[in-house]
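Input: a single structure, listed below in structure tokens.
The values are calculated or read from the model by the stated rules, or taken from the named source; none is laboratory data. This is a predicted model, so every value here is computed, not measured. Here the Cβ is made from the backbone with ideal geometry for all residues, glycine too, and neighbour counts use every protein chain on show. What goes into the accessible areas is simple: the full protein's heavy atoms, side chains included, and nothing from ligands, DNA or RNA. Shrake-Rupley method; radii C 1.70, N 1.55, O 1.52, S 1.80 Å.
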Amino acid sequence: MNTAKDKWITTYYNLHWDVLYQYSYNILRDQTLASDVVQDVFISIWDNYDSLAIDNAKAYLITAVKNKSLYYLKKVPFNTIQLESVYHVLTEHELLTNEEESLFKEQLLQLIYNKAQEVLPKRCLEIFNLRFYSHQSYKEIASKLAISESTVENQISKHRLGS
């Protein structure tokens, strides 16, 4: 039986899966989790199809994937911090409104900051704060802390997820 629900799921899954997966992967940096996020979003739509009113499928799907990715991100144990990649996803994604981008960035940065306090040595946390909260360049940080730019770069690179 080929219902409207079947057609909707099949059409939009095939049409947007790659974009949704890549978006989730850019946030989570985990292939399996990103795939699970996209799958969970479509399962949720399948389960709730009759009660949903989706006007713009792509916008709905991206928002759902963003929210589900954030949910998964909160559950991922951080051993180290991969901030710049996640930060760029937040600031460069064209489909977020300014308000959504700001809220999303604030929530994620708070989560990352909390984890950074748990795992980073004091000096690394200081570099982290200067880089991501004061938005200082490597050169500015090096000058302020009287260390080399390469030391700043190494400290930031050293403390990323998956490194």
Could you go through region 3-24 and let me know if any residue there is under 29 Å from Leu111 (Cβ atoms), in contact with a helix residue (DSSP H, G or I) (Cβ under 6 Å, 6 or more places away or on another chain) and not in a helix (DSSP H, G or I).
no
For region 42-69, pairs from a residue that is small (Gly, Ala, Ser) and in a helix (DSSP H, G or I) to a residue that is crowded, with 16+ Cβ neighbours inside 10 Å and modelled with pLDDT of 95 or more, with Cβ under 6 Å and 6 or more apart or across chains, are Ala57/Tyr12; Ala64/Val41; Ser69/Val37
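So, Glu118, is that one among the acidic types (Asp, Glu) and either open to solvent by less than 50 Å² (accessible area, probe 1.4 Å) or at pLDDT 80 or above (or both) or not?
Against the criterion (among the acidic types (Asp, Glu) and either open to solvent by less than 50 Å² (accessible area, probe 1.4 Å) or at pLDDT 80 or above (or both)), Glu118 does not qualify.
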Residue pairs within 8 Å by beta carbon, gap of at least six or interchain, first lying in region 1-25 and in contact (Cβ under 8 Å) with a residue 12 or more places away in the chain, second not in a helix (DSSP H, G or I), listed first then second, are Tyr23/His93
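Residues checked against (1) at pLDDT below 90; (2) out of contact with any Phe, Trp or Tyr (no Cβ under 8 Å at 6 or more places or on another chain):
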site: Leu15; (1), (2): no, yes
site: Asp18; (1), (2): no, yes
site: Val37; (1), (2): no, no
site: Asp40; (1), (2): no, yes
site: Tyr60; (1), (2): no, yes
site: Ser69; (1), (2): yes, no
site: Val76; (1), (2): yes, yes
site: Thr91; (1), (2): yes, yes
site: Glu94; (1), (2): yes, yes
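Select from region 121-147 the residues that are part of a loop (DSSP other than H, G, I, E, B) and open to solvent by 50 Å² or more (accessible area, probe 1.4 Å) and write down the one among them that is nearest to Leu108 (Cα to Cα).
Just the residues of region 121-147 that are part of a loop (DSSP other than H, G, I, E, B), to begin with: 121, 133-137, 146-147.
From the residues that got through so far, the ones that are open to solvent by 50 Å² or more (accessible area, probe 1.4 Å) too are 121, 133-135, 146.
Details: Pro121: 21, Tyr133: 13, Ser134: 16, His135: 16, Ala146: 30 Å.
Going through the qualifying residues, I end up with Tyr133.
Any idea which of Ile62, Ile27, Ile45, Ile54 is surrounded by fewer than 18 Cβ atoms within 10 Å (Cβ to Cβ) and among the β-branched types (Val, Ile, Thr)?
None of the others qualify; the one that does is Ile54.
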